[in-house]
Every structure is written in C-alpha cells, then in structure tokens.
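Below: one structure, written as structure tokens.
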Amino acid sequence: MSTSNASLKNWVEEVARLTTPDSIHWCTGSDTENSNLVDVMVRSGDLIKLNPLTHPNCYLHRSHPSDVARVEHLTYVCTKSREDAGPNNHWKDPAEAHRKMDALFAGSMRGRTMYVVPYCMGPVDSPFARCGVEITDSPYVVVNMRIMTRMGDDALRRIERENSFVKGLHSLGDLSPDRRFIMHFPEELSIKSVGSGYGGNALLGKKCHALRIASWQAREEGWLAEHMLIMGVQSPSGETHYIAGAFPSACGKTNLAMLVPPESMPGWKIWTVGDDICWLQVGADGQLRAINPEAGYFGVVPGTNRKTNCNAYDMIQRDTIFTNVALTADNQPWWEGMETGTPVTDWQGKPYSGNGLAAHPNSRFTVSAKQNPIYSSLAEAPEGVPISAILFGGRRREVAPLVYEARNWAHGVLVGAGMASETTAAAVGQMGVVRRDSMAMKPFCGYNFADYFKHWLAVGKKATKLPRVFHVNWFRQDKNGKFMWPGYGENLRVLKWIAQRCEGKAMAVETAIGFLPRAQDLDVTGLNLDPATLQTLLSIDEAAWKQEMESIGKYLDEYQTRVPAELRKEQQSVAQRLSAANAA
Ligand code: OXD
Ligand code: MN
C-alpha cells in the first residue's frame, strides 16, 4: 500500500533512504494487522502473553531498564529564534538539530521493518481534530498508537483530503541514553525522536504532537491544546457539567476522570471524556468546547485497585498492554497497591523476593477508552462538550487549600500560571521537589510560556461564555506527613461545590486569593472528617501566601518583558490584597 499524497510519499521515501530499513509497512489499523504484530512481538520476547483465563488478550512489555519515563532534559523545541521556545524549553537551532538527529537516524532501521502509521488526533469527523503520520521501527509503538489514536486507513483518507499532517519520525536507535533525543520543530510541524521506546517519548501522537506541536498550532489558529482531563459531572437532578482539569503527570488525572462516587452521594454520576489531553476551541455558541484528541489511556498502574477505582481496575482486566509491571507465579500482572496475589518476578524480569518495588513506579497500562465503563456518550462528538469549569491542581504538601475559585478569567490565568507541584516518577529526575508547572504544561508547552499566558488571556476575550476557574489540592499533609483529605471518590464533594458554583447555587467566602467554601458549603456527609482538619483544608495561611505570591512574581520575572502586563497586574493585585489582609 502507499498513498496518493505526494508530500507523504516523498517523505516516506526520503526517510527510508536515510534509515535503510529492510522493509516498509503501511499500517491500516486492521485487527489482522494488529494480531500479526502481536505474534511477531510474542516470538521476539517484546511482549509476554499474560494469563488468558484471568486477563484475556493482555500482554506485558518490559522496556529497557534505563528507558522508563519521559526525559525532559533530552527534549528540545527547535525554533528559528531561541526566544520563541522560551526559558521553559530546551532549545536547539533547527538546522543543527536536524543535522544531529539525521546522523543518529542514518542506517538506524537496518535489519528492521519501518512502519508508516497514519493517525488522527480526535474523532476523524471532527473539525477540531488534526492528523499526523508517525514513522517508527518499533512494533510496540504501532500497537500502542492503535489504541491511543484513530490509526490507519480512515486517518490516511483524511490526510489525503486535507493535504496536511504532522510528521513524526521515531527510531529506537540503540536505546542508549547518550543517543536519546526528542526534538520538536513546530515551525515545520515535525518531530524527531530517537533512542527511546517509552510512551511519552515514542508514541508521538501523545505529548509530542497533541501537546507540544498542537500548542503551537493552537496559538496560530486561536485555540488551546492542554494537559487536561475532561469529565462530565452529573447531579441527581440529571444536569451534567463538563469540567476540564490540568494536573501534572502522575497526580491522579485518570482516577479523577473515572471517579467512582461514594455511597453517601447517591444519584451522582461521572462520565469520562478524556484523561490526559484536551483541545479547547471557542465554539459557534461562544462557549469553550473540548475534545479529547486521544482514543485510549496510557495510565499509571500502581495504586489502582477495586477500592481506589473499580472503574479503572475493571477496565484493565482484558485487552490491555501493561508496561513494566511485575508478574505472579501464574502470569498475572501485579503492582504495588494490588490487594491480592504475590509477585514472583519484578518489572525487569528478575526473581522478586519482597525487597523494594516489584513494579516500576511509572509502570503503565494502555487500554482503549471504549473499555471504560463510564465512557461519556459525548466523548466522540465532533463538536466536543461545553466546558463549565477549569481546574488547576498540583501535588502540594502545604500552602494550597483544598479548593478555591478565581475571581475571573484573568485571575484564573494567574492561578494556572502560578501552579506548582512535587515532581513524580513520570519523568526522569529527582522526585518530590516542588517546581512551578504552569497549567501542568511545563514539560509540554511548545513555545515561550510568556506568549502562552498572553494567548490564554486572548482566548478569554474571544469567548462570550467563559468557564469558571478553580484550583484544587488533594495532597495536603499534616505535620506527621499524613494526607489530610481522603481523595479518590471523595473528591466528588469538591466537584459538587464547583458544579453548584457554576449554577450560582453554592456559597463561598471571599479571601485575598479567591473564593473558598466555608465548612458548611461542602457536602461532607458520611465522610467522618475531623472538623479541625476540614478547617485547615479550607483556610489560607496569609504569611505563607504572601511568600507564594512573591515567588510567583519572581517566576514571572524569568520571562522578562514578554510577560503580559495584564498578568503582572493580577499578581500585584493578589499580593496587595494579601498585604492588606496581613495588616488588618
Ligand atoms: C503522561 C505524562 O504519560 O504526563 O501522561 O507523563
Ligand atoms: Mn500526562
């Protein structure tokens, strides 16, 4: 097979000349193609078939032990001007980056098959969707892309109709961390990734296309590409509010998007639209509307069990690819947080004797969104869903209260820009260090954050009906390091307050940082939460917040004069309110 699209055909030929594969396979996305690829990988040892009685059609992939997470220090945005990439990105001159990458790609597919993977991010019939083609020498990437995107013939037809697609070139290379780079060329709508088979580095439709390149495209075209879940929150009276939420990697987006309501909140229902990425456009009705560009979940496994999230747990009992989990004696997948079973083999395939972690903390499942028992009936709607509220949230031991609401859109942009969170195992590097992670996009924004904040403010001026903006923190700890809020399904109590705020029905108190619920405004029936703990969760320490605002001011200074004056004004006005409150 090939294509009628000359630019795609030429690019494939050019890549084949450079990488010298043994053969070229154009992916159609069919079931037969998928099972052939799975068979090849089972024979090569790239996939291990799991117990078919307990986990039908499930496989385990073990990645190279040095290749288990995103590599932010090896990820670059290559724009003609360094300032366009901004201090939030590593930068390389595009010509130099191409030279460096092409040297690594030269002959890299010798002895391998080169797969050409056409895909569409978003429902194929959606005007908000965008297409790409990934060329890869990894069959693991192909089977994952088939789950995570609309991959194959339908996408190729759309590419041929539109004559536009993002070019993604990927090779495992020799998997050496010294020869591993993920480079983005937003001005050319292209990506080159070499030396890693890990999801976020290798499944180019996800972070590389749907966030880094798409954020650039979105700015040019007047929309937003965000690191956000999308969920429907349905009240007992049947009204559904759609909420988009930005949280850094491994902070529970998948669990929140698939939340199981507590028994003490009968009648509430949650519907998942997406768990990681959200493309927002101002619709013809003047509202912000969202689509999930992905078709599956690449979720963090540890901690998933029947109690924490039975929806997620049930979803991954069949037709799932696991990466870097442990195994029981009868070949069932196992991870920390699993309530039953005993691991005998760790994530690296070594015998496990009970010391240390059996599964890698960033072990993952890849599963089709269609297997989610609460998949929203509007998840495939070409026009997307209307967004009532946007959440920003980090993993903060202290300072950030359970929830607060921004005064308005511009203040909301400051709340998002000032977001901070403790680092997690989703990226290589030290864990648990608090860093600013604006809109949870620090690793993913394909251009200068100052321009991005400006773009957020501009989108706010285009919409006639804007979502309300909130900040949440499920991760507050007491002096002994114990989590103060139970999290998981109980987070619905906060979502209920948010939904009611959107309807103008819930009360709040105004503080220097925004609107907070009082204890009586939050439904805590059946929760058994100590009133003093609730009080701490719902109050602000003004001295700590003064410092926080100063630190946000310094953070904005890093972006110098490119920072929009409107954002600076917001920061100054919160700082002034805090000073006034301190003086009072
Ligand atoms: C992810 C991430 O895999 O954010 O979603 O790292
Ligand atoms: Mn993510």
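The values are calculated or read from the model by the stated rules, or taken from the named source; none is laboratory data. None of the values given here were measured: they were computed from a predicted structure. Please note: Cβ atoms are built from the backbone with ideal geometry, for glycine as well, and neighbour counts cover all protein chains shown. For the accessible areas, the whole protein counts, side chains as well, though only heavy atoms, and no ligand, DNA or RNA atoms are used. Shrake-Rupley method; radii C 1.70, N 1.55, O 1.52, S 1.80 Å.
Within the stretch 511-547, which residues are farther than 20 Å from Lys482 by Cβ, loosely packed, with under 13 Cβ neighbours inside 10 Å and among the hydrophobic types (A, V, I, L, M, F, W, C)? If the condition is that a residue be farther than 20 Å from Lys482 by Cβ, loosely packed, with under 13 Cβ neighbours inside 10 Å and among the hydrophobic types (A, V, I, L, M, F, W, C), then Ala543 is the only one that fits.
Looking only at the stretch 315-340, residues that are out of contact with any helix residue (DSSP H, G or I) (no Cβ under 8 Å at 6 or more places or on another chain), closer than 28 Å to Asn34 by Cβ and open to solvent by 20 Å² or more (accessible area, probe 1.4 Å) come to 6 in all. If you go through the stretch 402-443 and keep only what is among the charged types (D, E, K, R), open to solvent by 20 Å² or more (accessible area, probe 1.4 Å) and either away from ligand 1 (no atom under 16 Å from the Cβ) or out of contact with any strand residue (DSSP E or B) (no Cβ under 9 Å at 6 or more places or on another chain) (or both), you end up with Arg407, Arg436. Considered as a group, the residues in the stretch 61-81 that are of a type outside the set (A, V, I, L, M, F, W, C) and assigned to a helix (DSSP H, G or I) include one that is farthest from ligand 2 (Cβ to nearest atom), and that residue is His73. Annotation: of all residues in the stretch 240-282 being free of Cβ contacts under 8 Å to residues at least 60 places away in the same chain and more than 12 Å from the chain's Cα centre (by Cα), the one that is nearest to ligand 1 (Cβ to nearest atom) is Thr240. Going through Val469, Val459, Val433 one at a time, which residue ends up being free of Cβ contacts under 8 Å to residues at least 24 places away in the same chain and among the aliphatic types (A, V, I, L, M)? Of the residues listed, the single one that is free of Cβ contacts under 8 Å to residues at least 24 places away in the same chain and among the aliphatic types (A, V, I, L, M) is Val433. The helices (runs of 4 or more DSSP H) found entirely in the stretch 82-158 that carry 2 or more residues being more than 20 Å from the chain's Cα centre (by Cα) and more than 22 Å from Val38 (Cβ to Cβ) are 82-85, 94-105. If the condition is being touching a residue at least 12 places away in the same chain (Cβ under 8 Å) and of a type in the set (A, V, I, L, M), then the stretch 23-58 contributes Ile24, Leu37, Val38, Val40, Met41, Val42, Leu47, Ile48, Leu50.
When Asn144, Asn163 are checked against the criterion of being at positive phi and assigned by TED's automatic domain parsing to the domain that holds Val116, a single residue qualifies: Asn163. Once the stretch 1-27 is narrowed to residues that are under 33 Å from the mean Cα position of the chain (by Cα) and outside any helix (DSSP H, G or I), the residue that is surrounded by the fewest Cβ atoms within 10 Å (Cβ to Cβ) is Ser2. Of the strands (runs of 3 or more DSSP E) lying entirely inside the stretch 462-558, those containing at least 3 residues that are of a type outside the set (Val, Ile, Thr) are 468-472, 514-516. When the stretch 283-308 is filtered for residues that are open to solvent by 10 Å² or more (accessible area, probe 1.4 Å), within 16 Å of Glu380 (Cβ to Cβ) and away from ligand 1 (no atom under 16 Å from the Cβ), only Arg289 remains.
Among residues of the stretch 132-151 that are within 19 Å of Glu162 (Cα to Cα), those with a Cβ under 6 angstrom from a residue that is open to solvent by 10 Å² or more (accessible area, probe 1.4 Å), sequence gap 6+ or separate chain, pair up as Gly132/Phe165; Val133/Phe165; Thr149/Ala295; Arg150/Val124; Arg150/Ala295; Met151/Gly29.
Pairing residues of the stretch 59-74 that are in the same structural domain as Ala326 (by TED's automatic domain parsing) with residues that are acidic (Asp, Glu), at Cβ distances under 6 Å and at least 6 apart in sequence or on separate chains, gives no pairs at all. Checking the stretch 120-137 against the condition returns no match, with no residue being open to solvent by 10 Å² or more (accessible area, probe 1.4 Å), of a type in the set (Phe, Trp, Tyr) and in contact with a Ser or Thr (Cβ under 6 Å, 6 or more places away or on another chain). Which number in (1) more than 30 Å from Met258 (Cβ to Cβ); (2) among the acidic types (Asp, Glu); (3) within 16 Å of ligand 1 (Cβ to nearest atom) marks the one condition that Glu221 misses? Failed condition: (3). A residue that is under 12 Å from the mean Cα position of the chain (by Cα), outside the structural domain of Phe453 (by TED's automatic domain parsing) and within 16 Å of ligand 2 (Cβ to nearest atom) can be found somewhere in the stretch 190-199. Screening Lys253 against (1) crowded, with 23+ Cβ neighbours inside 10 Å; (2) away from ligand 2 (no atom under 14 Å from the Cβ) leaves a single unmet condition, (2).
The set of residues in the stretch 260-281 being buried (at least 20 other Cβ atoms within 10 Å of the Cβ) and outside any loop (DSSP other than H, G, I, E, B) consists of Ile270, Trp271, Thr272, Val273, Gly274, Cys278, Trp279, Leu280, Gln281. Could you tell me whether the stretch 392-400 includes any residue that is part of a loop (DSSP other than H, G, I, E, B), modelled with pLDDT of 95 or more, open to solvent by 10 Å² or more (accessible area, probe 1.4 Å) and among the basic types (Lys, Arg)? No; the residues of the stretch 392-400 include none that is part of a loop (DSSP other than H, G, I, E, B), modelled with pLDDT of 95 or more, open to solvent by 10 Å² or more (accessible area, probe 1.4 Å) and among the basic types (Lys, Arg). The lone criterion from (1) small (Gly, Ala, Ser); (2) at pLDDT 95 or above; (3) farther than 18 Å from Asn311 by Cβ; (4) open to solvent by 10 Å² or more (accessible area, probe 1.4 Å) left unmet by Ala244 is number (4).
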